[in-house]
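Structure first, commentary second.
Nothing in this text is a laboratory measurement; each read-out follows from the coordinates by a stated rule. Quantities reported herein were computed from a predicted structural model and do not represent experimental measurements. Reconstructed Cβ throughout: ideal geometry from the backbone, glycine too, with neighbour counts over all protein chains shown.
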Amino acid sequence: MVKNKVHALTDKYGYLCEFSDMFGALGLRWLKTREMGELDLLILENHLRHIESINLQIDVADEAIKMRACEDEDVRLLMSLPGIDVRTALLLKSEIGPIARFEDYKKLVSWAGLAPRVHQSGNVLWNGDVSKCGSSILRWAIVEAARTAVRYDEKLGEFYGRVKARRGGSKAIVAVGNKMLKIVWVMLVRRESYSGVNKELYEGKLNRAGFDM
């Protein structure tokens, strides 16, 4: 919201930032040299101080996240799955809770609202769209992770391609999310890393998150 207000000020004076990130180091330096009316300049300076304060709070939160993650073996396991970084792993752990409360993977998939609705007409059964019941946060997190996973994992990418050819890209991504949650359940129950882990990518994620290698 604060950044949008800064954009509104630069638009008012017709300024077009020459840098890709207006709020990076070079962009901020550029902003501080803009000529504006006295009141607008004061408003801009207040917004920039606010942004600096928010960035500091984000840095503090990031360090706290890394410290918490490094103490959690479940997070380490989850990060072996493509598409899941330290923040996503912590979010999944928070939403799932103790994995023992889900007696099988179907219960976890259902909790995330990714189980397809079953329709019946006479003796005919067919699957419809996902139910979207349960944890919307868990559903969002695993679907977003799926968007990345299909680019880096051969098996998940091939699965995505097959479903996409039949049902379209959006439903294919949801199907990948469904499949990934099943894998998550197995990983957490068996205390095993992802069987198809890309060691180079995995070690890179662990290193960035501050885990001991």
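Averaging the sequence gap over all C-alpha pairs within less than 8 Å and six or more residues apart, then dividing by the number of residues, gives the chain a relative contact order of 21 percent.
Listed from fewest to most Cβ neighbours within 10 Å, the set I96, I137, I183, I84 follows the order I137, I183, I96, I84.
Please give the Cα centre distance for the range 179-202 versus the range 1-67, rounded to the nearest Å. Their Cα centres are 40 Å away from one another. Using C-alpha pairs under 8 Å with a sequence gap of at least 6, the mean separation divided by the residue count of the range 124-203 gives a relative contact order of 24 percent. Helix 86-96 axis versus longest C-alpha principal axis of the chain: approximately 50°, rounded to the nearest ten.
What do you get when you divide the Cα radius of gyration of the range 12-122 by 2.2 N^0.38 Å, with N the number of residues? Provide the component values of the computation, followed by the final result.
Details: Rg = 23.3 Å, N = 111, 2.2 N^0.38 = 13.2 Å.
In units of the 2.2 N^0.38 Å rule of thumb, it is 1.77.
For the set K93/K164; K132/K182; K93/K132; K3/K93, the pairs lying more than 21 angstrom apart at their alpha carbons are K93/K164; K3/K93.
For Cα Rg over 2.2 N^0.38 Å, computed directly from the structure shown, the correct entry in (i) 1.33; (ii) 0.96; (iii) 1.04 is (i). Relative to the Cα centre, the charge distribution of the chain, modelled as +1 at Lys and Arg Cβ and -1 at Asp and Glu Cβ, gives a dipole magnitude of about 1140 debye.
Using DSSP loop states and a limit of at most 13 other Cβ atoms within 10 Å to flag GluC sites (Glu not before Pro), what is the longest stretch of the chain containing no flagged site?
Values: sites that count: E18, E35, E71, E103, E192.
Counting only loop sites that pass the neighbour cut-off, the longest clear stretch is 104-191.
The Cα center of the range 70-120 and the Cα center of the range 131-171 differ in position by 14 Å. Here, P(r) means the percent of Cα pairs in each 10 Å bin from 0 to the largest distance; for the range 169-209 it is 25, 38, 34, 3.
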